[in-house]
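*Asks:* I'd like to ask you about the structure that follows.
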Amino acid sequence: MDQSDVSGDIASILLTEEQLGAKLDELAAQIDKDYAGKDLLLVGVLKGAVMVMADLSRRLHTKAEMDWMAVSSYGSGTKSSGVVRILKDLDTDLTGRNVLIVEDIIDSGLTLSWLVANLRSRGPASVEIAAALRKPDAAKVDVDVRYVGFDIPNEFVVGYGLDYAERYRNLPFVATLAPHVYS
Ligand code: 5GP
Ligand code: MG
Ligand code: MG
């Protein structure tokens, strides 16, 4: 096979493009209901949230603005520590705004709980969270996620915005990687 083709790197597909799309239809309908008569500011967390932001926002009928943040969580190795640095802040003043944070995945939940506290300190009317995926460890942190796409097993996944060494974000599905990729 062509070495530049990613299909040989995929071990198994956890969620297909169709499954993701159908779930986002549901989430968007719920968000439209909940924010009826309100204006909405969608805050995407770079880079992982680009796919879910694009697909979720397109399904909304609610008037929505979009803004982006980039954060990095310090930590040893692959676990996040909860100590977060802002790499790119919002352009938008949050005073009185209804903020919906759009995330790819919640693992430990540490990054997100820091982010919620940070945004709440800026005087918004509300701050809620929508995440495409959630792992079991997220339950250990007290972060209330209003909209969740799928609860997935505690495995490292890529695709649909999620990377391994910056690759695989462009896959339209969520998958696990073949062992040879890591070696
Ligand atoms: P946490 O919730 O642990 O603070 O960190 C969440 C971030 O860790 C996510 O936004 C994502 O960037 C990364 N992450 C967590 N689990 C996975 C995973 O299974 N695959 C990938 N590619 N990134 C993950
Ligand atoms: Mg993320
Ligand atoms: Mg990453």
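*Asks:* In segment 94-109, which residues are touching a Pro at 6+ places or on another chain (Cβ under 8 Å) and aliphatic (A, V, I, L, M)?
*Replies:* The answer is Leu94, Val99.
*Asks:* Only one of (1) assigned to a helix (DSSP H, G or I); (2) in contact with a Leu (Cβ under 7 Å, 6 or more places away or on another chain); (3) not aromatic (Phe, Trp, Tyr) is not met by Ala139, so which one is it?
*Replies:* (2)
*Asks:* Checking the conditions here, which among Val145, Val116 is outside any helix (DSSP H, G or I) and of a type in the set (A, V, I, L, M)?
*Replies:* Going through Val145, Val116 in turn, the sole match is Val145.
*Asks:* Oh, and also: Of the residues Ala130, Ala125, Ala70, only one is open to solvent by 40 Å² or more (accessible area, probe 1.4 Å) and in contact (Cβ under 8 Å) with a residue 12 or more places away in the chain; which?
*Replies:* Ala125
*Asks:* Residue by residue through segment 151-172, note down the ones that are in contact with a Gly (Cβ under 6 Å, 6 or more places away or on another chain) and charged (D, E, K, R).
*Replies:* Residue satisfying the conditions is Arg169 alone.
*Asks:* I'd like to know if segment 78-91 contains one or more residues that are in a loop (DSSP other than H, G, I, E, B), within 16 Å of ligand 3 (Cβ to nearest atom), at pLDDT below 95 and β-branched (Val, Ile, Thr).
*Replies:* yes
The values are calculated or read from the model by the stated rules, or taken from the named source; none is laboratory data. As the structure is a computational prediction, the values presented were derived from the model and not from experiment. Note that each Cβ is placed from the backbone with ideal geometry, even for glycine, and that neighbours are counted across all protein chains shown. Surface accessibility is based on the protein's heavy atoms, side chains included, excluding ligands, DNA and RNA. Shrake-Rupley method; radii C 1.70, N 1.55, O 1.52, S 1.80 Å.
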